[in-house]
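S.K.: Below are the structure tokens for one structure; questions will follow.
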Amino acid sequence: MNNELVNVTITLNGEKRSADVEPRMLLVHFIRDVLNVTGSHIGCDTSQCGNCTILVNGRSTKSCTLLAVRADGSDVITVEGIGTTEKLHPIQQAFWDEHGLQCGYCTPGAMMASIDFLTQNPDPTDEEIREGLDGIICRCTGYEFIVNAVRSAAKMMNEDNAVKGEV
Ligand code: FES
Ligand code: FES
């Protein structure tokens, strides 16, 4: 049996974090159980629910589908890395304003997937939002309020960019 540990270093929410782990450890377990950053949820064992979604090098990634060792050297952002209590990220503000959650279990993953989606498509139709988030399973909301939230976040982000002269 090979119990050899492998060192993994990632930049997690702007901070370099490092630990020795088993080569088979999944990224979601590395972040939650080793680094104790628990905002990303595990909602299935079949890579379907998307509740564990985070950003790896800026792209939306189901963190249960990636080995921690494969993320070595990556820039990782979880829900803890966006916004602050004083100033929410637009996606957080929009989920709050539009009641885009009920139990909240899927919400961190839904928000992180939405951030990448809106980066790729800053002015989506409702249909495109539904397609863009089809990797996220929500057991509570019926999705309508989530779509409203993402549409509202798109508007806020576009207005922010317009103020900054980026659009
Ligand atoms: Fe369900 Fe990752 S925990 S897709
Ligand atoms: Fe409960 Fe989405 S708000 S699973």
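Quick note: the coordinates plus some simple rules give every number you see, no bench work behind them. Since we're looking at a predicted model, the values are computed, not measured. Every residue, glycine as well, gets a Cβ built from its backbone with ideal geometry; the counts of neighbours run over all protein chains shown.
S.K.: Of all residues in segment 111-152, how many are of a type in the set (Gly, Ala, Ser) and farther than 20 Å from residue 61 by Cα?
M.R.: Counting residues in segment 111-152 that are of a type in the set (Gly, Ala, Ser) and farther than 20 Å from residue 61 by Cα gives 3.
S.K.: If we scan segment 71-81, do we find a residue that is of a type outside the set (A, V, I, L, M, F, W, C) and free of Cβ contacts under 8 Å to residues at least 60 places away in the same chain?
M.R.: Scanning segment 71-81 turns up no residue that is of a type outside the set (A, V, I, L, M, F, W, C) and free of Cβ contacts under 8 Å to residues at least 60 places away in the same chain.
S.K.: Within segment 41-66, can you find the residues that are crowded, with 22+ Cβ neighbours inside 10 Å, small (Gly, Ala, Ser) and within 15 Å of residue 137 (Cβ to Cβ)?
M.R.: Those that are crowded, with 22+ Cβ neighbours inside 10 Å, small (Gly, Ala, Ser) and within 15 Å of residue 137 (Cβ to Cβ): 50, 60.
S.K.: Picking from 73, 81, which residue would you name as being more than 15 Å from ligand 2 (Cβ to nearest atom), in contact with a Ser or Thr (Cβ under 7 Å, 6 or more places away or on another chain) and of a type outside the set (S, T, N, Q)?
M.R.: Result of the check over 73, 81: 73.
S.K.: Any residue at all in segment 89-105 that is under 30 Å from residue 24 (Cα atoms) and under 18 Å from the mean Cα position of the chain (by Cα)?
M.R.: yes
S.K.: Follow-up. Does residue 47 satisfy the condition of being within 22 Å of residue 21 (Cα to Cα), within 16 Å of ligand 2 (Cβ to nearest atom) and either in contact with a strand residue (DSSP E or B) (Cβ under 7 Å, 6 or more places away or on another chain) or without any contact (Cβ under 8 Å) to a residue 24 or more places away in the chain (or both)?
M.R.: No.
S.K.: Also, I was wondering about something else. State which residue pairs qualify: first residue free of Cβ contacts under 8 Å to residues at least 12 places away in the same chain and inside segment 29-42, second residue surrounded by fewer than 16 Cβ atoms within 10 Å (Cβ to Cβ) in any location, beta carbons under 6 Å apart, and separation of 6 or more residues or different chains.
M.R.: The qualifying pairs are 32/38.
S.K.: Hey, another quick one. State which residue pairs qualify: first residue more than 10 Å from ligand 2 (Cβ to nearest atom) and inside segment 97-114, second residue part of a helix (DSSP H, G or I) and of a type in the set (S, T, N, Q) in any location, beta carbons under 7 Å apart, and separation of 6 or more residues or different chains.
M.R.: The qualifying pairs are 97/152; 98/148; 98/152; 111/92.
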